[in-house]
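The values are calculated or read from the model by the stated rules, or taken from the named source; none is laboratory data. Note that the coordinates shown come from a computational prediction; the quantities given were computed from them, not determined experimentally. Neighbour counts are summed over all protein chains in view; Cβ atoms, including those assigned to glycine, are modelled from backbone coordinates with ideal geometry.
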Amino acid sequence: MTQCGGEYKVSLITVRTMNLSLDPMKNEILTQEHWDEEYQATDVAWDTHRPHSELQRVVNYLSLEPCRLLEIGCGTGSDAVWLASRGFDVTGVDLSAVAIDEARQRASAAGVEVDFRVADVREKGAVDGTFDFFFDSGCYCALRNTDGKGYRGAVHSLTRSGGLGLVLTGNAIEPQQSLGPSVVSEKDIRSEWREGFLIKDLREFRFDPRHPGEQRFLGWSCLLQKHVDAAAFAWKSTIADGRGGCWK
């Protein structure tokens, strides 16, 4: 089994894919006001109200034990609540107060505890400590054209040495769709995440549709590992079979 850290806890910040009818260069996509307006819509394009199938696949494939996990941009909390139900100690962070309010209601209804926060992970003090695992489904592709370096730097500082992360983003192999996630090329993913992280696995997948029969957008599933501080950790690589590895 993959042990995320010494304590079996997870702090989770979840992110959803964004509506790309917006110009990705506009700063409005970075504001609480913008995302509150999006979540006040009756049918938000990226929110299926179910945990991501790809997240479930990776967690199960890695036999991931509960640990401190950061999911960035939790939206209405579907992934956070699912992880909490598996024993993870989850913190969910999102810019939208509207989304966080719904996420808290979802956690209460499910009978699980999640530390949901209205915050920007790029701001100092938004969350406490470092995390063993982070999950991002939408923040990276939404921010890479406006403050990609600042975002990746924040993620790096919030991930402990040797920690893992899963990033889900749109795939530029297929054309950009107005309601789909921002598309990114394989070359750009490898170039942008190489500073401070090792790409353990990069594969194609399909995002879950909101409703049966709807289009499933092509994505990249990128499993990352923060470069290890040899003085603190001994990493046993299991890259040969595609797994993330384990601490001994």
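Structure data summary
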| read-out | value |
| --- | --- |
| Restricting region 77-91 to residues that are among the β-branched types (Val, Ile, Thr) and touching a residue at least 40 places away in the same chain (Cβ under 8 Å), the residue that is surrounded by the fewest Cβ atoms within 10 Å (Cβ to Cβ) | Thr91 |
| Test: Asp101 is surrounded by fewer than 24 Cβ atoms within 10 Å (Cβ to Cβ), at pLDDT below 95 and not in a loop (DSSP other than H, G, I, E, B) | no |
| Options Cys74, Cys67; residue that is under 24 Å from Arg152 (Cβ atoms) and either of a type in the set (Val, Ile, Thr) or more than 12 Å from the chain's Cα centre (by Cα) (or both) | Cys67 |
| Residue in region 156-163 that is closer than 20 Å to Thr91 by Cα, among the aliphatic types (A, V, I, L, M), crowded, with 21+ Cβ neighbours inside 10 Å and within 15 Å of the chain's Cα centre (by Cα) present | yes |
| Candidate set from region 165-182 (those that are among the β-branched types (Val, Ile, Thr) and within 16 Å of the chain's Cα centre (by Cα)); member that is nearest to Arg206 (Cα to Cα) | Thr169 |
| Filtered residue count, region 34-70, keeping only those that are basic (Lys, Arg) and assigned to a loop (DSSP other than H, G, I, E, B) | 2 |
| Residues of region 205-226 satisfying the condition of being part of a strand (DSSP E or B) and over 16 Å from the mean Cα position of the chain (by Cα) | Leu218 |
